[in-house]
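Below is one structure, written out as structure tokens, with a few remarks after it.
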Amino acid sequence: MNRVLRRKVDPESTPEQYIEDKTVRTIMNLLASLYAPILLAGSLAILSCVESELARIAVLGALGILLTMSIMLVVPTVKRSDLFAITAAFFAVGGVYIGSKSFDYRQMGL
């Protein structure tokens, strides 16, 4: 490298430092443990603010895509079956939430 750049290397300079794998894993686990509840609780908060049922379904779809993309980003070795199961569970809970918000309990006298 010195011949290509044609400069002298300072012998007193510090070598490159690297972060240990354990530290990176710990940081990623902390971020994931904070991100998951915030995304799920935030999804319910956003869905409760939307009045139209059709708009709720569209928002749920966008949030599902965000969830899937974030899982693929944070866990690059995730299996397709696990990713499908997580996404299906998210949409199942979101669908029940949308259905319960859309149902008119006044018709039943409750």
Name every residue in segment 66-88 that is within 9 Å of the chain's Cα centre (by Cα) and of a type in the set (A, V, I, L, M, F, W, C), in order of residue number. 66, 67, 69, 71, 72, 73, 74
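I'd like to verify a number: residues in segment 65-82 that are of a type in the set (Lys, Arg) and either over 27 Å from residue 28 (Cβ atoms) or in a helix (DSSP H, G or I) (or both), how many?
So the count comes out to 1.
Would you confirm, using the coordinates I've provided, whether residue 41 is modelled with pLDDT of 85 or more and surrounded by 10 or more Cβ atoms within 10 Å (Cβ to Cβ)?
Yes, satisfied.
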Within the group 46, 65, which residue is of a type in the set (A, V, I, L, M), surrounded by fewer than 12 Cβ atoms within 10 Å (Cβ to Cβ) and either at pLDDT 90 or above or touching a strand residue (DSSP E or B) at 6+ places or on another chain (Cβ under 6 Å) (or both)? 65
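Residues to consider are 62, 85, 45; find the one that is free of Cβ contacts under 8 Å to residues at least 40 places away in the same chain, part of a helix (DSSP H, G or I) and closer than 16 Å to residue 101 by Cα. Talk me through it step by step, then tell me what you get.
Values: 62 fails: closer than 16 Å to residue 101 by Cα; 85 fails: closer than 16 Å to residue 101 by Cα.
Checking each option against the conditions leaves just 45.
The values are calculated or read from the model by the stated rules, or taken from the named source; none is laboratory data. This structure is a prediction, so every number in the text was calculated from the model and none was measured. Every residue, glycine among them, receives a Cβ derived from its backbone with ideal geometry; neighbour counts consider all protein chains shown.
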